[in-house]
1. How many of the residues in the stretch 64-116 are within 15 Å of residue 202 (Cβ to Cβ) and assigned to a strand (DSSP E or B)?
2. For the stretch 156-171, which positions are buried (at least 18 other Cβ atoms within 10 Å of the Cβ), farther than 21 Å from residue 221 by Cβ and out of contact with any helix residue (DSSP H, G or I) (no Cβ under 6 Å at 6 or more places or on another chain)?
3. Which one of these is within 23 Å of the chain's Cα centre (by Cα), free of Cβ contacts under 8 Å to residues at least 60 places away in the same chain and surrounded by 20 or more Cβ atoms within 10 Å (Cβ to Cβ): 209, 175?
4. When residues of the stretch 240-270 are filtered for being assigned to a helix (DSSP H, G or I) and in contact with a helix residue (DSSP H, G or I) (Cβ under 8 Å, 6 or more places away or on another chain), how many remain?
5. Which fully enclosed strands (runs of 3 or more DSSP E) of the stretch 172-235 have 3 or more residues being within 26 Å of residue 125 (Cα to Cα) and in contact with a helix residue (DSSP H, G or I) (Cβ under 8 Å, 6 or more places away or on another chain)?
6. Looking at 153, 119, 147, which one is closer than 25 Å to residue 29 by Cβ, touching a helix residue (DSSP H, G or I) at 6+ places or on another chain (Cβ under 6 Å), touching a residue at least 24 places away in the same chain (Cβ under 8 Å) and crowded, with 19+ Cβ neighbours inside 10 Å?
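Quick note: the coordinates plus some simple rules give every number you see, no bench work behind them. Nothing here was measured: the structure is a model prediction, and the numbers come from that model. Here the Cβ positions follow ideal geometry from the backbone for every residue, glycine too, while neighbour counts run over all protein chains shown.
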């Protein structure tokens with residue numbers, strides 16, 4: 001189906017099942033792997049994933065979405081989390097899949113976590129940006145969100161935008177807007193690369209490692225029966241400029257994002273001199289202004 005046809009199929013009729021506010025993990029998600037290492041807790045209001053030497057664990061949303069605002073509150077593995085990776089991401093299926101990634105790379109005690117972000121379109125990624133978080137993500141829950149609409153993918157931490165991947169299809173840059181995606185989360189062992197390039201391994205004497213999730217919210221258009229059905233008022237609200245469907249960064253939000261990037265970004269694929277020596281081959285989106 002053509003991209004334009006997909007957008008035209010977005011419905012504005014009432015759809016009670018199209019939105020998951022305040023999420024109940026029993027109702028909104030299902031475990032996908034881990035053989036019991038993932039557990040719903042607190043009557044469905046929370047979910048814990050665990051990792052030991054034998055296996056990690058993960059879950060996915062029951063619904064698929066084509067555009068929306070996805071939020072999750074997370075508390076990451078405390079103490080020596082070296083070698084562990086906790087993820088929250090959206091992904092479609094197949095080799096030519098789309099994907100929007102938030103990955104949290106653990107570290108030795110007292111050292112900061114790394115927030116790793118990426119955007120895949122049609123099976124191609126390599127658009128990594130990495131940040132140090134400006135707080136201890138293991139001491140309490142913090143809210144991580146993705147706004148995904150036809151014009152932007154905006155990553156935010158506690159409401160502060162850290163990255164904006166804009167739709168530049170008119171300039172030849174692929175953008176994820178034709179494939180429905182589920183929400184996924186996982187906790188797994190990546191000690192071959194996650195911490196200091198794999199030099200620091202997981203300390204299995206501290207296992208099981210546990211990451212906690214709560215507050216799953218998907219204000220989103222649910223894909224069902226070959227069409228995307230949006231929550232009531234999505235288009236009307238967007239027409240007034242206040243909804244996620246039409247969301248973009250205000251001048252103030254853009255300045256805040258740039259401040260975060262200047263202070264806390266530790267890697268940007270656009271400026272990787274090893275990947276793009278003397279600027280040769282730099283992707284088109286890296287050369288475009290806001």
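1. Here the count works out to 5.
2. The answer is 157, 163.
3. Being within 23 Å of the chain's Cα centre (by Cα), free of Cβ contacts under 8 Å to residues at least 60 places away in the same chain and surrounded by 20 or more Cβ atoms within 10 Å (Cβ to Cβ) holds for just one of 209, 175, which is 175.
4. Number satisfying all stated conditions: 5.
5. Where strands (runs of 3 or more DSSP E) fall fully within the stretch 172-235 and carry at least 3 residues being within 26 Å of residue 125 (Cα to Cα) and in contact with a helix residue (DSSP H, G or I) (Cβ under 8 Å, 6 or more places away or on another chain), they are 209-224.
6. 147
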